[in-house]
Amino acid sequence: MDLDLARVRAFVAVADLRHFGRAAEQLTITQQALSKRLARLEAELGTALVDRAGGRGVTLTEAGARFLDPARRALAAGELAVGAVRDARPALRLDVWGHLYAPMRTVARVLDAAPDLNLEPSAGRDLPSVASAILRGDVDAGFGRVHPLPGRAPLGLTHRLVRLEPVDAVVGPDHPLADAAELRPSQLRDSVLWCPAAVDRLDFLARFATAFGIVEWATGPNLGLTPFLEHLRDDPTCFALLPADGPLPEGLAVRSIPLVAPTPLYAWSLLWHPDRPHPRLDALLREFGRVGTANRWLDHDPSRDWLPGPDHA
């Protein structure tokens, strides 16, 4: 049979939003037109894709759940086919996460070296939300730290390590270790780890605390880098971990101190769906490799550096 992509798009919108009215609004059609498209698709397939039973909202049938991912791939293929005929190069949509560690710094260096990549970077909330967006086809790839997600693994996605970035300890001017030229992570055991969210949501910081005996931490909302550092400035018991080459705002009097023996490394990766790679993905991977080689982004000495266990693989 020949699939009508407008009908497929109607189904995917309903499946994503679980609501006929919002799906119709997203597609800028009437709810009646949406219902007709979905009904015709179901008639062509010979099975119901959604359960319209009242009181429970819209749910997918078993057939609908099986059809959803191939339907998304069909829509993506259709967009690429149209772009090829029009001699268009669709922009690669890249969501980044780990915003306190400023992922755009790394992405910007790659874009500066290859301005023709045709990349559209934007902010994602965290790894689970970016992985879900890739699976839905809302974005083409992600950039951030890929770590274990208990019970919520981003199944069906693949990733490649592109940078290992040293992190420093950042402290306020009245912290007992503020005058040190460098620190061992173990020297921070009597300090409080300042986190921008609950520590169980921050895999890297949680593993660092466990590895080096940090037993106390304080948490607060992530309101951006400056409020985060203002807390460090005003609380002499706290420290934070931030990228070694990340610029700190002027005038805050906080200090960034290198960590040694070992030096913790933060792992940045590109994440994408292997069954529907964007046509520009290979070029992006090549450019990350070229820039990374020139800047030694993947240097790693096990006798000198520390990585969380999952990052070794």
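The values are calculated or read from the model by the stated rules, or taken from the named source; none is laboratory data. All figures in this text were calculated on a predicted structure; none of them were measured in a lab. No Cβ is skipped: glycine too gets one built from the backbone with ideal geometry, and neighbour counts run over all protein chains shown.
Residue-wise test of (1) over 17 Å from the mean Cα position of the chain (by Cα); (2) modelled with pLDDT under 90.
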position: 101; (1), (2): no, yes
position: 124; (1), (2): no, yes
position: 145; (1), (2): no, no
position: 148; (1), (2): no, yes
position: 161; (1), (2): no, no
position: 183; (1), (2): yes, no
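Any residue in region 126-140 that is more than 15 Å from residue 90 (Cβ to Cβ) sitting within a Cβ distance under 7 Å of a residue that is in a helix (DSSP H, G or I)? List the pairs, counting only those 6 or more apart or interchain.
Once the first residue is more than 15 Å from residue 90 (Cβ to Cβ) and sits in region 126-140, its partners that are in a helix (DSSP H, G or I) give 136/16; 136/72.
Hey, among the residues in region 178-194 that are without any contact (Cβ under 8 Å) to a residue 40 or more places away in the chain and not in a loop (DSSP other than H, G, I, E, B), which one's nearest to residue 253 (Cα to Cα)?
Taking the candidates together, the pick is 187.
Could we say that residue 107 is part of a helix (DSSP H, G or I), surrounded by 15 or more Cβ atoms within 10 Å (Cβ to Cβ), β-branched (Val, Ile, Thr) and at pLDDT below 90 here?
The answer is no for residue 107.
Considering only strands (runs of 3 or more DSSP E) fully contained in region 205-313, which possess at least 3 residues that are surrounded by 15 or more Cβ atoms within 10 Å (Cβ to Cβ) and touching a residue at least 24 places away in the same chain (Cβ under 8 Å)?
238-243, 255-258, 263-272
Given the options 69, 4, name the one that is touching a residue at least 12 places away in the same chain (Cβ under 8 Å), charged (D, E, K, R) and closer than 27 Å to residue 129 by Cβ.
Residue meeting the stated conditions: 69.
Being closer than 22 Å to residue 306 by Cα, in contact with a Ser or Thr (Cβ under 6 Å, 6 or more places away or on another chain) and outside any helix (DSSP H, G or I), is that true of even one residue in region 127-144?
no
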